[in-house]
Amino acid sequence: MRVLIGGGSGFVGRELTQLLRRKGHEVTIISRQPGPGRITWADLECGGLPPCEGAVNLAGEILLNPFRRWNESYKKELFSSRIDTTRSLVQAIASSSSPPKSWVLVTGVACYKPSRTAEYSEESEWTPYDFLSKLVKEWEGTGRLPENVAQNTRQVIIRAGVVLGRNGGAMKQMLTPFWLGLGGTLGSGQQPFPWIHVADLAGIIARSLEPSPDPTISAPEIYNGVAPAHNTNYEFTKALGQALQRPTLFPVPGIVIRALLGAERAVVLTEGQWVTPKKTLETGYKFQYPDLGSALQEIVGS
Ligand SMILES: NC(=O)c1ccc[n+]([C@@H]2O[C@H](COP(=O)([O-])OP(=O)(O)OC[C@H]3O[C@@H](n4cnc5c(N)ncnc54)[C@H](OP(=O)(O)O)[C@@H]3O)[C@@H](O)[C@H]2O)c1
């Protein structure tokens with residue numbers, strides 16, 4: 001299969017590319033930078049969709065860049081880097097004479113309102129309530145293929161939790177303080193921490209590129225990209241400290257996080273959602289890293 005991956009140069013994209021190539025598939029990345037095995041977004045817009053049987057979008061400006069505040073211009077970039085790239089891919093798919101068999105968009109569990117009690121599956125109703133959930137609503141709406149194309153192209157949306165892996169994402173920012181013994185819980189530590197190992201997210205995306213188990217479905221299939229284990233931030237902190245054999249004695253109070261990041265962004269760290277991968281499990285997907293112990297062992301074990 002030939003697979004086109006928007007934002008495939010990033011943390012998740014590199015894992016997915018390796019997995020697909022190991023399975024014998026060909027990968028082309030859409031990037032802002034030209035290079036071998038790549039096309040640019042401008043190439044896509046001018047030249048149309050290159051021949052491919054699967055398309056994925058992973059493009060997006062990093063959400064928790066510690067060096068940038070969530071001001072209006074940064075929020076615009078967070079928004080447009082996701083919405084505009086998704087729109088470009090949808091338009092290219094819709095106007096292709098030979099559209100791919102599958103189209104996969106990775107969004108996030110931030111659509112579900114943080115709560116210590118509610119448990120969300122893919123079937124849960126949700127209403128946008130803040131910047132991130134509004135972003136997810138528009139992102140997923142933009143990702144929808146026109147009805148005539150959706151008849152022949154499988155549409156999948158994967159709502160990812162915090163993606164854990166040794167080569168990027170949140171772990172990259174956390175490892176140094178934890179190695180130095182400066183790690184600790186964030187806020188109360190009791191907030192849910194929905195997470196997934198990057199190998200499992202790549203595995204779920206790769207599975208979604210295969211023909212649908214029910215080809216009569218033309219609406220997007222939604223899957224939660226989170227591990228089946230439910231953990232709090234406290235449990236994650238303790239497990240990471242244990243895996244690194246380092247103490248985790250320095251909790252960061254919510255008030256400090258809010259002062260450093262601003263109240264709106266602080267919520268991403270001090271609040272969370274209990275998210276269950278109900279439909280993902282129903283497809284028969286077997287998680288390689290279903291619990292924190294096995295995931296962290298793989299990430300920091302060696
Ligand atoms: N990592 C997580 O914990 C997590 C959790 C939930 C959802 N997600 C979503 O999953 C997707 C992939 O995540 P990731 O961790 O792999 O992200 P990443 O490493 O930050 O990479 C995403 C790619 O997006 C492209 N990109 C960045 N800024 C862009 C911009 N302004 N305009 C167009 N393209 C831009 C970059 O490719 P080029 O430089 O080659 O253009 C980059 O390699 C993202 O949409 C993210 O929101 C991630």
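Could you go through the stretch 10-25 and let me know if any residue there is of a type outside the set (Val, Ile, Thr), modelled with pLDDT under 95 and either under 23 Å from Lys137 (Cβ atoms) or within 9 Å of the ligand (Cβ to nearest atom) (or both). No, the conditions are met nowhere in the stretch 10-25. Only one entry in Ile29, Ile93 is under 24 Å from Gly203 (Cα atoms), away from the ligand (no atom under 15 Å from the Cβ) and outside any loop (DSSP other than H, G, I, E, B), namely Ile93.
Somewhere in the stretch 100-111, is a residue more than 28 Å from Leu4 (Cβ to Cβ), assigned to a strand (DSSP E or B) and in contact (Cβ under 8 Å) with a residue 40 or more places away in the chain? Among the residues of the stretch 100-111, not one is more than 28 Å from Leu4 (Cβ to Cβ), assigned to a strand (DSSP E or B) and in contact (Cβ under 8 Å) with a residue 40 or more places away in the chain, which makes the answer no. Pairs are defined by a Cβ separation below 6 Å, a sequence spacing of at least 6 or placement on different chains, a first member in the stretch 30-42 that is closer than 15 Å to Leu89 by Cα, and a second member that is of a type in the set (Ser, Thr, Tyr) and within 8 Å of the ligand (Cβ to nearest atom); the pairs so defined are Ser31/Ser9; Arg38/Ser31.
The residue that is nearest to the chain's Cα centre (by Cα), among those in the stretch 53-65 that are under 24 Å from Ala263 (Cα atoms) and either more than 10 Å from the ligand (Cβ to nearest atom) or exposed (fewer than 15 other Cβ atoms within 10 Å of the Cβ) (or both), is Leu64.
Total residues in the stretch 67-90 satisfying the condition of being more than 13 Å from the ligand (Cβ to nearest atom) and either in contact (Cβ under 8 Å) with a residue 40 or more places away in the chain or not in a loop (DSSP other than H, G, I, E, B) (or both): the figure is 4.
Matching residues to (1) within 24 Å of Gly8 (Cβ to Cβ); (2) out of contact with any strand residue (DSSP E or B) (no Cβ under 8 Å at 6 or more places or on another chain); (3) surrounded by fewer than 24 Cβ atoms within 10 Å (Cβ to Cβ):
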| position | (1), (2), (3) |
| --- | --- |
| Asn167 | yes, yes, yes |
| Lys172 | yes, yes, yes |
| Phe178 | no, yes, yes |
| Thr185 | no, no, yes |
| Ser188 | no, yes, yes |
| Gln191 | no, no, yes |
| Ala199 | yes, yes, yes |
| Ile205 | yes, no, no |
| Ser208 | yes, no, no |
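Cβ separations smaller than 9 Å between residues 6+ apart or across chains give the following pairs from the stretch 1-18 residues that are buried (at least 24 other Cβ atoms within 10 Å of the Cβ) to residues that are acidic (Asp, Glu): Val3/Glu26; Val3/Glu53. Of all residues in the stretch 158-185, those satisfying the criterion of being farther than 17 Å from Leu292 by Cα and at pLDDT 95 or above are Ile158, Arg159. Total residues in the stretch 90-109 satisfying the condition of being surrounded by 17 or more Cβ atoms within 10 Å (Cβ to Cβ) and farther than 14 Å from Val56 by Cα: the figure is 3.
In the stretch 43-52, of all residues being touching a residue at least 24 places away in the same chain (Cβ under 8 Å) and not charged (D, E, K, R), the one that is nearest to the ligand (Cβ to nearest atom) corresponds to Leu44. The residue list Arg82, Arg87, Arg68, Arg116 contains one member that is surrounded by fewer than 19 Cβ atoms within 10 Å (Cβ to Cβ), modelled with pLDDT of 95 or more and not polar (S, T, N, Q), which is Arg87. The criterion of at least 3 residues that are closer than 30 Å to Thr248 by Cβ and touching a residue at least 24 places away in the same chain (Cβ under 8 Å) is met by the following helices (runs of 4 or more DSSP H) wholly inside the stretch 115-220: 169-179, 198-208.
On inspection, Tyr234 fails the criterion of being crowded, with 16+ Cβ neighbours inside 10 Å and either among the acidic types (Asp, Glu) or over 25 Å from Ser188 (Cβ atoms) (or both).
The values are calculated or read from the model by the stated rules, or taken from the named source; none is laboratory data. Keep in mind the model is a prediction, meaning the values are calculated, not measured. Reconstructed Cβ throughout: ideal geometry from the backbone, glycine too, with neighbour counts over all protein chains shown.
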